[in-house]
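Inspection log for the structure reproduced underneath, given as structure tokens.
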């Protein structure tokens, strides 16, 4: 019978496998394994999206206002400062 280093390596691997099988397994509940944590940027985006959805119900299209603005734009008479636009956008949030 010839015994060499390969037999010892196989026996060592078998022993490691047996120890793993006999060791108690650590289990996690489904809720812990399924937990998702969003980045700060993702959380900010979600908050902004909620605000937009909330305000979507409140905003209604006013056809008379749209018509008057269209006529001003087509005539080239619609001029609003950048500061007014920015202030209006910031006031919504």
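The values are calculated or read from the model by the stated rules, or taken from the named source; none is laboratory data. Because the structure is a prediction, the values reported are computed rather than measured. Because the Cβ atoms are built from the backbone with ideal geometry, glycine has one as well, and the counts that use them run over all protein chains shown.
A few comments on the model shown:
- Among residues of region 73-91, those that are loosely packed, with under 10 Cβ neighbours inside 10 Å and either in contact with a helix residue (DSSP H, G or I) (Cβ under 6 Å, 6 or more places away or on another chain) or closer than 22 Å to residue 47 by Cα (or both), counted: 3
- Of all residues in region 48-72 being closer than 13 Å to residue 93 by Cβ and surrounded by 10 or more Cβ atoms within 10 Å (Cβ to Cβ), the one that is modelled with the lowest pLDDT: 55
- Applying a threshold of 7 Å to beta carbon distances and a minimum spacing of six or more residues, or different chains, the list of pairs starting in region 66-93 at a residue that is in contact (Cβ under 8 Å) with a residue 40 or more places away in the chain and ending at one that is in a helix (DSSP H, G or I) and surrounded by 10 or more Cβ atoms within 10 Å (Cβ to Cβ) reads 93/51.
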